[in-house]
Amino acid sequence: MRSLIDILELSTAELDKLLATADDIIENPQKYAHKCDGKKLATLFFEPSTRTRLSFEAAMYELGGNVLGFSEAQSSSAAKGESVADTAKTVSCYADIIAMRHPKEGAPLVASMNASIPVINAGDGGHNHPTQTLADLLTIHREKGHFDNLTVGLCGDLKFGRTVHSLIAALRRYDNVKFVFISPNELKIPDYVKDSLKKANIEYTETTDLEAVMPTLDILYMTRVQRERFFNEEEYLRLKDSYILTPEKLTTAKSDLSILHPLPRVNEISVAIDSDPRACYFKQVLYGKYMRMALILMLLEVE
Ligand code: CP
């Protein structure tokens, strides 16, 4: 029995297999419509979500399975003080696989150590969000056709952005990927991420100036400044609009730039960009469902 807590648990061959399965689901959805007949997915969301929870649920329904769960901690026995470990043991009696989001880093790992069914990390605090990375990878794969030789700009909250941390961990395994970290000084990429890149001789630069690096980018991954990770509201208000992508700022961008965003968007991408063919973030939402379908099949060992 296998869980997915961190994207690094997947080998490059396994990522390739997930991408190939997702491509096949897109081409032949009817082939997969009964793959999970009789199986149940439990979505245990202790933190708000629209895309991750609903795409997991849509994924399981499209595989012929069923879904149970809760969408806030207050409606579960966590509100009465039940531990994550006991919740995982309990839900193992009702479901075949768990998708868990939790504000505490490491909570899905604790769940996986206590559950008797696979647990998928659907986002833990500011730490990791491996299934968002699967959505990001399928988007890049379908837009670019390869992962090698890309210059990837990551912009916004690089300190608390769990999607950023997981995406870097996934992309750094490919050849000649260069990272450009664009953030205010207060929200810089953590040192442990930079240290791991330095050790592996992977090129990266840091800047506060998005427009200066725009012409160099193949991928621009925008992120939201996350109010829920700040202890100080004034600091959040000061930083929240550090970067707002507008059509004017794209005038120097490559014609085949791909603009990604894990969403939700607050203010960091102008809606005027939504109709630009380089905007990929709503495709990314859809691709997330296909990759979650592929992942459920892999973890449930469905042929
Ligand atoms: N990208 C993402 O995790 O979105 P939700 O918070 O809506 O699930």
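The values are calculated or read from the model by the stated rules, or taken from the named source; none is laboratory data. Remember, it's a predicted structure, so these values are computed and weren't measured experimentally. Quick reminder, even Gly has a Cβ in these numbers, built from the backbone with ideal geometry, and neighbours come from all protein chains shown. Ligands, DNA and RNA are excluded from the accessible area calculation, which covers all protein heavy atoms including side chains. Shrake-Rupley method; radii C 1.70, N 1.55, O 1.52, S 1.80 Å.
Assorted remarks:
- Checking each residue in the stretch 1-35 for being closer than 20 Å to ASN121 by Cβ and over 20 Å from the mean Cα position of the chain (by Cα) picks out only MET1.
- Yes/no for GLU105 being among the acidic types (Asp, Glu), over 24 Å from TYR281 (Cα atoms) and within 16 Å of the ligand (Cβ to nearest atom): yes
- The lone exception for ASP86 - which of (1) in contact with a Phe, Trp or Tyr (Cβ under 8 Å, 6 or more places away or on another chain); (2) surrounded by fewer than 15 Cβ atoms within 10 Å (Cβ to Cβ); (3) of a type outside the set (A, V, I, L, M) it fails: (1)
- You will find that of ASP157, ASP136, ASP195, ASP191, the residue that is more than 24 Å from LEU19 (Cα to Cα) and either touching a helix residue (DSSP H, G or I) at 6+ places or on another chain (Cβ under 7 Å) or touching a residue at least 24 places away in the same chain (Cβ under 8 Å) (or both) is ASP157 and no other.
- Taken over the stretch 5-34, the criterion of being open to solvent by 60 Å² or more (accessible area, probe 1.4 Å) and either touching a helix residue (DSSP H, G or I) at 6+ places or on another chain (Cβ under 8 Å) or acidic (Asp, Glu) (or both) is satisfied by LEU8, GLU9, ASP16, LYS17, GLU27, PRO29, LYS31.
- Qualifying residue in the stretch 181-189 (condition: more than 28 Å from ARG2 (Cβ to Cβ), surrounded by fewer than 24 Cβ atoms within 10 Å (Cβ to Cβ), at pLDDT below 95 and within 16 Å of the ligand (Cβ to nearest atom)): no
Condition check ((1) open to solvent by 20 Å² or more (accessible area, probe 1.4 Å); (2) in contact with a Gly (Cβ under 9 Å, 6 or more places away or on another chain); (3) without any contact (Cβ under 8 Å) to a residue 12 or more places away in the chain; (4) closer than 19 Å to VAL152 by Cα) across all residues:
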{"residue": "LEU217", "(1), (2), (3), (4)": "no, yes, no, yes"}
{"residue": "ARG227", "(1), (2), (3), (4)": "yes, no, no, no"}
{"residue": "TYR236", "(1), (2), (3), (4)": "no, no, yes, no"}
{"residue": "LEU250", "(1), (2), (3), (4)": "no, no, no, yes"}
{"residue": "LEU260", "(1), (2), (3), (4)": "no, no, no, yes"}
{"residue": "VAL271", "(1), (2), (3), (4)": "yes, no, yes, no"}
{"residue": "LEU286", "(1), (2), (3), (4)": "yes, no, yes, no"}
